[in-house]
Structure formats: structure tokens, C-alpha cells
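Structure first, commentary second.
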Amino acid sequence: MMVLVLIVAGLVVVALLMVLFAPYIRKYSAGGTCMSMARLDGKTVLITGANTGIGKETALDLAIRGARVIMACRDVEKGEEAAASIRRIYCKANVEVRELDLADTSSIRAFVQRLLREVDHLHILINNAGVMMCPYVKTIDGFEMQLGVNHLGHFLLTYLLIGLLKRSAPARIVVVSSLAHNVGWIRFHDLLSQGSYNSGLAYCQSKLANLLFARELARRLKGSSVTVNSVHPGLVRSDLVRHSTIMSLLFSLFSLFLKSPRDGAQTSIYCAVAEELHSLTGKHFSDCAPASVAPRV
């Protein structure tokens, strides 16, 4: 009985301390903030997965800076709702929604064909969309969903837009990766997880692929005035973990220690606009500062 009383008392003390120090915890958890005041008037930006979370917050910030923001979304209805929300916050926002399903290469090609007909320049591409720890399912083209959407879909999209980005130079490509890349490895013997599937490891593999892609693309584009950098947004309160009951529970329990979507968007914004990064390429960032990567990268 005494042990139970002590446990309850301990939990009450911890809860009170968390309430007392909540403002300080949130401030610490927020991480770095993009301090650049750079304007993007006359610039065109493309953001994938911009209808929710850090993608939507990135779209809002860059629209306020004067950019024309193209929100590439799988769900056009939700994309339009997000665009309307951005316009309510900033009435002058030049945002438009285009349909893009990164799980379907025909959708990617159709999206790019239309974009190339209607857009003369593309100054910033932010590969932000992603799925996390979903049940095993394949894309339209037969790829494991996380690798297909997080890496292969963005790979094709970027490849098809390289010419436009070069013609628009100076231009920037921002690839949203994750700290999870540190525990990922590329399973060349079973790349599409047909032999075995672990949703967490598949996610980590896709995030490692993101980072490797960013590094190699930066090397190949050196001297073109198109820079490529990757980012870790941090642990963000979003619906990205909706496929994992355990992760959803943990995120609920420790929400105080998580970033808001606005906080999570800061590093993507920083890499997209910061003046001091105008020629820096092939780097990885977290909390608006250079970050280390896995030794094998």
C-alpha cells in the first residue's frame, strides 16, 4: 500500500513539475528559428505535401515572403482547404493547388507536363511529402509505399524538373529527410520489402535514401547554381504517425516535448531562403544549423 502511495505521489509531483515548467519545455523543444527576412517576390516555389503539417506552414511562410507557391497535393480537396486557410491568414497569398500523387509515376509525369506548360521559372523545390510506418502496401507501379513515395516519387519529380530549375538558377532544392536515417540501411537484397517487411525499418530506409539522393544530386549539379540540401525537421506534432498506434500514443503522452508544425517547418524555410546558403550545397541541417549524418552517408 505504501509503495502505491509513493508511486501516485511521484506521478503527481512529475505532473505538477511539467505544468510548472511547460513554457520552458516548449521553448526548448521548439528548436531553431529561421531569422532570415529574405523576400521572395517574383519567385516560384513548389512544395509537395503542402496541405498539412510542416508543408502547409512552409507554404504560408514563403507566401508571406511574396512567393508564388504551388502546393502539390494528392488530395486536392484538402489542398484547397489548406490554401483557403493560408489566404485567410494572409489575404495577399499567391497560392495554388495542383494534383500530384507521388505513389503514381503517371501522375508525376502528368503534373510536370502541365507545370512546364504553365510555369516559366521554378526557383525553389521542397520535397516535403511523406508517409510513415504504414502497413505493407504497394504504389501503383509496384514499389513498397514508403520507399515509393518518400524517395522514388520525389526522385522522378526532381529529375523531370531539373531543366526548369537550371534555367531558373539560382535555384534551391530542399529534401526533407529525418534523424531516422541514422538507423536505416538500403536493403539491396530486398529493396521493395517483398521478402520481409518492418514498417519502421522501411521508413528509415526511405529517409536514408532521401539523404543519399540529396548528397549525390548536389555533387552532380555542382557549378549549375542549383543547390541541394537535406533537413531533419525534428519530432513534430502531426498526423504523420497515424499508421502506428504505439507512435501515436507516445506522441500524445509526450506532446509537450514535440515541435509544433510551425516549429518543424523552420529548417525547411531556412534552407529555402537564408542568404548565407546561396551557394552552399550537399549539406544536412537541423534546427536551422548544420547537422551530422550517419558515417555511411
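The values are calculated or read from the model by the stated rules, or taken from the named source; none is laboratory data. Note that this is a predicted model, so its numbers are computed, not measured. So basically every Cβ, Gly included, is an ideal-geometry build from the backbone, and we count neighbours across all protein chains shown. Side chains are part of the model used for accessible areas, which takes the heavy atoms of the whole protein and leaves out ligands, DNA and RNA. Shrake-Rupley method; radii C 1.70, N 1.55, O 1.52, S 1.80 Å.
Scan the range 57-75 for residues that are open to solvent by 50 Å² or more (accessible area, probe 1.4 Å) and touching a strand residue (DSSP E or B) at 6+ places or on another chain (Cβ under 8 Å) and the total you get is 2. When each of Tyr159, Tyr197, Tyr203 is tested for being assigned to a helix (DSSP H, G or I) and either open to solvent by less than 10 Å² (accessible area, probe 1.4 Å) or farther than 23 Å from Ser224 by Cα (or both), the lone residue that passes is Tyr203. Yes or no: the range 17-24 includes at least one residue that is over 16 Å from the mean Cα position of the chain (by Cα), over 27 Å from Ala103 (Cβ atoms) and at pLDDT 95 or above. No, the range 17-24 contains no residue that is over 16 Å from the mean Cα position of the chain (by Cα), over 27 Å from Ala103 (Cβ atoms) and at pLDDT 95 or above. Among the residues of the range 162-175, the one identified as open to solvent by 10 Å² or more (accessible area, probe 1.4 Å) and of a type in the set (Val, Ile, Thr) is Ile162.
A residue that is assigned to a helix (DSSP H, G or I), open to solvent by 30 Å² or more (accessible area, probe 1.4 Å), of a type in the set (A, V, I, L, M, F, W, C) and within 19 Å of Ala214 (Cβ to Cβ) occurs somewhere in the range 141-155.
If you go through the range 76-91 and keep only what is in contact (Cβ under 8 Å) with a residue 12 or more places away in the chain and open to solvent by 10 Å² or more (accessible area, probe 1.4 Å), you end up with Val76, Lys78, Glu80, Glu81, Ser85, Ile89, Tyr90. The residue that is farthest from Gly184 (Cα to Cα), counting only those in the range 124-140 that are open to solvent by 70 Å² or more (accessible area, probe 1.4 Å) and in a loop (DSSP other than H, G, I, E, B), is Ile140. Scanning the range 252-277 for residues that are modelled with pLDDT of 95 or more and open to solvent by 40 Å² or more (accessible area, probe 1.4 Å) turns up Arg262, Glu275, Glu276. Which of the residues that make up the range 206-229 are more than 18 Å from Val131 (Cβ to Cβ), part of a helix (DSSP H, G or I) and of a type in the set (A, V, I, L, M, F, W, C)? Within the range 206-229, Leu212, Ala214, Leu217, Ala218 meet the criteria. For the range 42-56, the set of residues classified as small (Gly, Ala, Ser) and either open to solvent by 10 Å² or more (accessible area, probe 1.4 Å) or under 22 Å from Pro170 (Cα atoms) (or both) consists of Gly42, Gly49, Gly53, listed by residue number. If you filter the range 282-297 down to residues that are in a loop (DSSP other than H, G, I, E, B) and open to solvent by 40 Å² or more (accessible area, probe 1.4 Å), you find that the one that is nearest to Ile54 (Cα to Cα) is Asp287.
Screening Leu240 on (1) at pLDDT 90 or above; (2) of a type outside the set (S, T, N, Q); (3) part of a helix (DSSP H, G or I); (4) under 30 Å from Lys43 (Cβ atoms) shows it passes everything except condition (1).
Considering the range 92-108 alone, what residues qualify as being open to solvent by less than 10 Å² (accessible area, probe 1.4 Å) and in a helix (DSSP H, G or I)? Hit for the range 92-108 is Ile108, nothing else.
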